[in-house]
Amino acid sequence: MYVDEQIPTGAGWQVAIDQAIDASCIMVPVFMNNYFSSPNCRYELARMLHREHHLGFRTPQCNDRLILPVSISRRDYFPDLACTIQDLDLSRFALPHMAEATEIHQQFDQTMNTFCQSIADALGSLPQHDPAWSALDGAPYLPQLDAKPFRVAINPRLTS
């Protein structure tokens, strides 16, 4: 498992991220409203989408996947391409101080156990690592991953 907080101080950030993506088997992105506002998040996702396409995944012939997203916010601002990928909606568990031994904690635990089985299933259908994957830069997918613009509701005003 790789988390970008593991990059050593002083290391080349982009180099470390590229190496981690190249070595990754699957990706578990956490989709939220500002995820798609981050160029780095979009880049990482685009690279894995490119790899899925290269492998023929997520097609009628082969619905295997490398990307298993979870979401913790509404999908209103997610790009259309991201909305074509089934995510695990964890928004009801996005509580800053979830108490242990509560019903919601038990539901979260059960949901995560099921999700872990999905990860295991995805890992079971992976091909051997191919060094050529490092050349898949995600360019065909980047333009499709821009966040939808936020819409601010304007309250009607009474004029005189």
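Against the list (1) of a type in the set (A, V, I, L, M, F, W, C); (2) out of contact with any Asp or Glu (no Cβ under 7 Å at 6 or more places or on another chain); (3) crowded, with 17+ Cβ neighbours inside 10 Å, the condition residue 21 fails is (2).
Can you tell which of 14, 61 is without any contact (Cβ under 8 Å) to a residue 24 or more places away in the chain and not in a loop (DSSP other than H, G, I, E, B)?
That would be 14, the only listed residue that is without any contact (Cβ under 8 Å) to a residue 24 or more places away in the chain and not in a loop (DSSP other than H, G, I, E, B).
Against the condition at pLDDT below 95, buried (at least 16 other Cβ atoms within 10 Å of the Cβ) and among the polar types (S, T, N, Q), how does residue 63 come out, does it pass? Against the criterion (at pLDDT below 95, buried (at least 16 other Cβ atoms within 10 Å of the Cβ) and among the polar types (S, T, N, Q)), residue 63 does not qualify.
Here residue 113 meets the list (1) polar (S, T, N, Q); (2) surrounded by 10 or more Cβ atoms within 10 Å (Cβ to Cβ); (3) at pLDDT 95 or above almost entirely, failing just condition (2).
For the criterion of being within 28 Å of residue 55 (Cβ to Cβ), at pLDDT 85 or above, of a type outside the set (D, E, K, R) and more than 19 Å from the chain's Cα centre (by Cα), residue 129 passes. Please work out if residue 55 is at pLDDT 90 or above and in contact with a helix residue (DSSP H, G or I) (Cβ under 7 Å, 6 or more places away or on another chain). For residue 55, the condition - at pLDDT 90 or above and in contact with a helix residue (DSSP H, G or I) (Cβ under 7 Å, 6 or more places away or on another chain) - is not met.
The values are calculated or read from the model by the stated rules, or taken from the named source; none is laboratory data. All figures in this text were calculated on a predicted structure; none of them were measured in a lab. So basically every Cβ, Gly included, is an ideal-geometry build from the backbone, and we count neighbours across all protein chains shown.
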